[in-house]
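Working notes, beginning with the structure itself.
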Amino acid sequence: MASTAFAQAGDRADEPQPELPEAWRLPPAPVLSPEEALASFVLEPGFRVELVAREPLVEDPVAFAFDEDGRLWVVEMRGFMPTVDGEGELDPVGMIAVLEDTDGDGRMDRRQVFLDHLVLPRAVAPTHGGALIISPPDLIFARDTDGDGRADDIRVLASDLGGLTNPEHAGNGLVRGIDNRFHLSQHPRQYRFDGDMLIQEATPGHGQWGLAMDDLGRFYYSPNSDPLRADLVPLHYGSRNPNLGALTGVDERIVHDMRVWPIRPTPGVNRGYQKDFLTPDARLVSVTAACGPAIERGGVFPVSHRGNAFVCEPSANLIKRYVLMEEPDGRLTGRPAEEGREFLASTDERFRPVNLCFGPDGALYVADFYRGILQHRVFMTTFLRKQVIERGLDRPIGLGRIWRIVPTEYEHRPPPRLSRATAVELVADLAHPVGWRRDTAQRLLVERRAKDAAALLERTAFDAPSRQAAIHAMWTLEGLGMLSPSVAQAGLASGDPWIRVHALRLLESDILDDECFGRAVALLKDESPLVRVQAALTIGARTDEPATAALHEALNANAADRRMRSAVFSGLAGRERPFLTRLLADSTWQMRRAGLGEAVSTLADCIFRANDATAVTRLIEEAADPANPLWARQSLLSRVAAAQRLDTSYPKTLVLASEPRGWVALREGSDELAALAGRIHQRLSWPGHNEQPRARLLTPQENETFRKGQRLYDAFCFSCHQENGRGQPGVAPSLVGTEWVLGPPERLIRIMLHGLRGPLEVDGMTFNGDMPRSPAGGDEQIAQILTFIRRSWGNAADPVPPELVRQVRQATADRVDPWTVAELRSVDQ
């Protein structure tokens, strides 16, 4: 098969771009009318599809949300890929439109532009009489104060969300959780917003496009080739201890069967040339563009579909349904609802479902981007681009549809007007069978500051007709600042483990109170494993001796439980080394049993990630101490060797505060420990031994470069690599003390200029994704960012001058595709 030369940002050096096989060539895909599009759908029996809105009433919809009166707020990303090469993408043509059904027939018939002149808007969430909106790089709050339907009071609340240079990897979602926070996909923050002040809370930033919540407040993501992942514990716990890395229970894979069953040939996918990517008749084999998930939460769908996950796969023109199954410890697994067929599939290549939500009526709503180009230019391959041009998929643009999926016997009902509901009616709605209704009732009670409903909310929490009502009532009280100790304590005593879990979370704000703390400690022995794990997470909010002792006992009793180990360690940020010493002094740790080795190894890795020379010195002293159990000393030394990368071609020297006590005696032994210590010794440094060169002071000009680099890092790099430079497991590698940052700057410059292709291993973690080239494209900007990175978080490498960036740019001027690790390792200058 003939292949083309590399020409696109998504092309890979080791993957020639072949011509499309003749058997896979398709005729042009014409634009279908909504009526023709309806005829193209093949839907699961027992359901039907209805048109809710079409162009010109809606154009390029990528996200949406219903307000309290059933009006549909739609994000129109009109600027996405105006041409096959993305020219004009930053033109301010995006909009937030509000659609309304004024005659009650189930079809939207009125359009009001709420806010326009936006560049690639990404999310909207009606709240406080207006809406939170992601308009890259800003999070804004906009209101209409004069009643004309258009926003006239617009405030920027945050400006670190990215999304201009690479729309596929930036914050989106804005889903209000049961916990009264707004949650995002692919952004390391969650928000509390009271209509005036925004409070930002750190979280990991995983996900990709879209976000969904279930009845228990757990969040779900669909990152492209991985159709469904979930946070089985609240996401913010994943950022509490940056030394831990990934917290077990956060960002867990739920579905392992990646297969799809499109009903049309789909050669127009980005990596369709790869072996086994397509079937012999050119149909996609596995998900590659999964996005926009939704969880069924009650209403008009059959009971058999309750709690099911629905996921878009726009590259295959279909929507998947997964049945979710839960274990007693809260773990979830999912499987395709039917073998060999999808919930909805279309023969129309331009059908592009990109987001889903369940509405006020319990029906499933579909945002259909309806266009030929789905892949962004940053990742588009020559293989796909040629098909786009040859088949005219780049035109027309400016189309879009909203669909509704309902059971066949469904009869349309007008949406509720919850803006007119009394507090008493809203409290009753906390027990409504439709999830949207419960969520909206809670939001309105909190936004209205309906403190006069506190007594009724307490009665609902004490004597709720359902689990969901009790959980919503407790969190509504929290949002009002009216949660009494008696309500939380009643929740702790509930016979429902999930109510106990939420009560523990609510108790966390009062965990410094000894009585509350004692109740949390008691639940470390709960019969439910998910309650025990939450108790450990809650106790970890305290850092004093009683909390440390409680976590010690929890670990002793549950050492074999990976989730409990992770929960305990999440509450030990900066205290891992003394906790390790405490464990090794415990007589019950003398004999190795299930989970102890993993616990010691994890604590050691945390200490290395903290990059504290004194703590690392003390760790090595524990390994050298003959009073400690032999198995633990072996585990510790093995982690020292791993941190030094002794078995690789790029070993690392560990810098210690002083010579470790007992180190000489250990090395002079004749056993396996002594042999390993001898190897480790060659890569240790302390004052007077193998000292490493100290970083020179920066000149005034270099200091200015550093400061400018910090501002650019905050704008372009922060969301993935984090404020502390330690990255995010599975998303972005650490920049702290790694060979890639401290090694030849020419490598970093190449990555900034052209991007990096995974897999990449850093600190024992493998990253398989691609890093696109830097949006900061100028020589001086790249030099500024790299100087900041190489001199922050304890890094002590030399700054990077713009002249060096210019030289590398000239030397690699013909380069188009991203670099691989193997190619970069060959760069020695």
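In this structure, Trp793 and Glu36 have a Cβ-Cβ separation that, at R0 = 51 Å, corresponds to a calculated FRET efficiency of about 0.35. Under 5 Å between amide hydrogens, built in the peptide plane, is the criterion, and for Ser286 it picks out Val260 among residues at least 5 positions away or on other chains. Summarised as an ellipsoid, the stretch 69-217 has semi-axes of 23, 21, 16 Å, derived from the eigenvalues of the Cα gyration tensor scaled by 5 and square-rooted, with the largest first. Rg of the Cα atoms in the stretch 700-828, relative to 2.2 N^0.38 Å, amounts to 0.96. Per-residue SASA remark: Lys708, around 80 Å² accessible (1.4 Å probe; ligands, DNA and RNA not included). Ordering Gly743, Thr705, Ala813 by the projection of their Cα atoms onto the charge dipole of the stretch 700-828, which places +1 on the Cβ of Lys and Arg and -1 on the Cβ of Asp and Glu, puts Thr705 at the extreme positive end. The value of relative contact order for the stretch 700-828, using C-alpha pairs under 8 Å at least six residues apart, is 30 percent.
For the stretch 26-34, the Karplus equation 6.51 cos²θ - 1.76 cosθ + 1.60, evaluated at θ = phi - 60°, returns couplings of 10, x, x, 9, x, 6, 9, 5, x Hz by residue, with Gly and Pro reported as x.
Once the piece of chain linking Arg806 and Asp276 is laid out straight, how much longer is it, given 0.36 nm per residue of separation minus the C-alpha distance between them?
Gain on extension, Arg806 to Asp276, equals 186.7 nm.
Contour minus end-to-end for Met591 and Arg679, with contour as 0.36 nm per residue of separation and end-to-end as the Cα-Cα distance?
Values: separation 88, 0.36 × 88 = 31.68 nm, distance 2.70 nm.
Extra length from Met591 to Arg679 when fully extended: 29.0 nm.
Straight-line reach from Lys320: which lysines have Cα under 29 Å away, leaving out those fewer than 8 places along the same chain? Hits, sequence-local ones excluded: Lys275, Lys386. Across the protein chains, with a 1.4 Å probe defining accessible surface, the residues Val424, Val521 rank Val424, Val521 from largest area downward. For Lys451, the aspartates and glutamates whose Cα falls under 13 Å of its own Cα, not counting residues fewer than eight places away in the same chain, are Glu478.
What whole-number value in Å² describes the accessible area per residue of the stretch 25-407 for a 1.4 Å probe? Accessible area per residue: 31 Å². Note on Ser509: accessible area approximately 100 square angstrom, rounded to 10, probe 1.4 Å, nucleic acids and ligands left out. In the full protein context, the stretch 700-828 carries 44 Å² of accessible surface per residue, based on a 1.4 Å probe and ignoring ligands, DNA and RNA.
When the residues Lys275, Lys652 are ordered by accessible surface, computed with a 1.4 Å probe over the protein chains alone, the sequence from largest down reads Lys275, Lys652.
Calculated mean residue ellipticity at 222 nm for the chain: -9000 deg cm²/dmol, from DSSP H runs with n ≥ 4 weighted as -39500 (n - 2.57), summed, divided by the residue count and rounded to 500. Where both bridge residues fall in the stretch 700-828, DSSP classifies roughly 75% of the beta bridges as antiparallel. When only the Cβ of Lys, Arg, Asp and Glu is charged (+1, +1, -1, -1), the dipole of the chain relative to its Cα centre reaches about 1300 debye. Taking the Cα centre of the stretch 700-828 as reference, the dipole from Cβ charges on Lys and Arg (+1) and Asp and Glu (-1) amounts to some 160 debye. Per atom type, the stretch 247-295 shows carbon and sulfur on 50% of its accessible surface, probed at 1.4 Å. With the Cα gyration tensor of the stretch 25-407 giving a ≥ b ≥ c as the square roots of its eigenvalues, does the rule (a/c under 1.5 for rounded; else a/b larger than b/c for prolate; else oblate) give rounded, prolate or oblate? The shape class here is rounded.
The stretch between His256 and Arg467, if pulled fully straight at 0.36 nm per residue, gains 73.0 nm over its current Cα-Cα span. Averaged over residues, the count of other Cβ atoms within 10 Å places the peptides 500-506, 630-636, 46-52 in the sequence 500-506, 630-636, 46-52, highest first.
Look at the alpha carbon pairs under 8 Å that are at least 6 residues apart: their mean separation over the length of the chain gives a relative contact order of 11 percent. Expressed as a whole percent, the accessible surface of the stretch 700-828 that belongs to carbon and sulfur atoms is 49, based on a 1.4 Å probe.
Taking 26 Å as the straight-line reach from the Cα of Lys652, none of the lysines fall in range once those fewer than 8 positions away in the same chain are excluded.
Once the cut-off is 38 Å, how many percent of the Cα-Cα pairs in the chain end up in the long-distance tail? The share of Cα pairs beyond 38 Å in the chain comes to 45 percent.
The values are calculated or read from the model by the stated rules, or taken from the named source; none is laboratory data. Since the model is a prediction, treat every value here as computed from it, not as a measurement. In this analysis, Cβ positions are derived from the backbone assuming ideal geometry, glycine residues included, and neighbour counts consider all displayed protein chains. Areas reflect the complete protein model, heavy atoms only, side chains present, ligands, DNA and RNA absent. Shrake-Rupley method; radii C 1.70, N 1.55, O 1.52, S 1.80 Å.
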